[in-house]
1. Among the numbered criteria (1) among the polar types (S, T, N, Q); (2) more than 17 Å from the chain's Cα centre (by Cα); (3) closer than 18 Å to TRP6 by Cα, which single criterion is violated by SER80?
2. It is to be established whether one or more residues within segment 104-113 are surrounded by fewer than 16 Cβ atoms within 10 Å (Cβ to Cβ), touching a residue at least 24 places away in the same chain (Cβ under 8 Å) and either more than 21 Å from GLU14 (Cα to Cα) or not hydroxyl-bearing (Ser, Thr, Tyr) (or both).
3. Among the residues of segment 6-31, write down those that are charged (D, E, K, R), more than 22 Å from LYS132 (Cβ to Cβ) and surrounded by 15 or more Cβ atoms within 10 Å (Cβ to Cβ).
4. Of all the residues that make up segment 18-48, how many are without any contact (Cβ under 8 Å) to a residue 24 or more places away in the chain and in contact with a Phe, Trp or Tyr (Cβ under 9 Å, 6 or more places away or on another chain)?
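Every number in this text was worked out from the coordinates using simple rules, so none of it is lab data. Everything numeric in this text was worked out from a predicted model, so none of it was measured. Neighbour counts run over all protein chains shown; Cβ positions are idealised from the backbone, glycine included.
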Amino acid sequence: MISISWRKFTMNPEAIASAFGEFDPSLCDVKLSKGEFSDDGPTLYFSLEINDYPSNPPTRWKRVPNNTVVIQFQCLGVQSLSMSMSPEFGRVSCEMRDGEAGLIEIHISGNTTKALVRCGGIRIDHVTPYLKDSSRDAI
């Protein structure tokens, strides 16, 4: 069972608290929707479309209909990255934990994707609501 107490590994836990309060949304069985590597840092960005939606979303989210949240993570000071995947992203589970030499390890695993990131820090870059078209999932 993967722990969902991942907020403590981020440098800015208030970014998720502003939307979800004290509740840490699950990073299990979520959609990996984006991955991007930059040599600046080096830095890895990845986005997860989570299954949880806040019971009391922020006021600014109520201006337009939303039912889904994407969290974009920024992994700073990437020391190592190993990844294997099929050409299409799929559903994954993400676990963050303490690693060796003060690094943080991020384990991402699913049927088509396996990744291990070791980095110096994790920032929540964006928490973005949007309206998911559920008919796309029926295909």
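1. Among (1) among the polar types (S, T, N, Q); (2) more than 17 Å from the chain's Cα centre (by Cα); (3) closer than 18 Å to TRP6 by Cα, the lone unmet condition for SER80 is (3).
2. For segment 104-113, residues surrounded by fewer than 16 Cβ atoms within 10 Å (Cβ to Cβ), touching a residue at least 24 places away in the same chain (Cβ under 8 Å) and either more than 21 Å from GLU14 (Cα to Cα) or not hydroxyl-bearing (Ser, Thr, Tyr) (or both): present.
3. Correct list: ARG7 only.
4. Counting residues in segment 18-48 that are without any contact (Cβ under 8 Å) to a residue 24 or more places away in the chain and in contact with a Phe, Trp or Tyr (Cβ under 9 Å, 6 or more places away or on another chain) gives 3.
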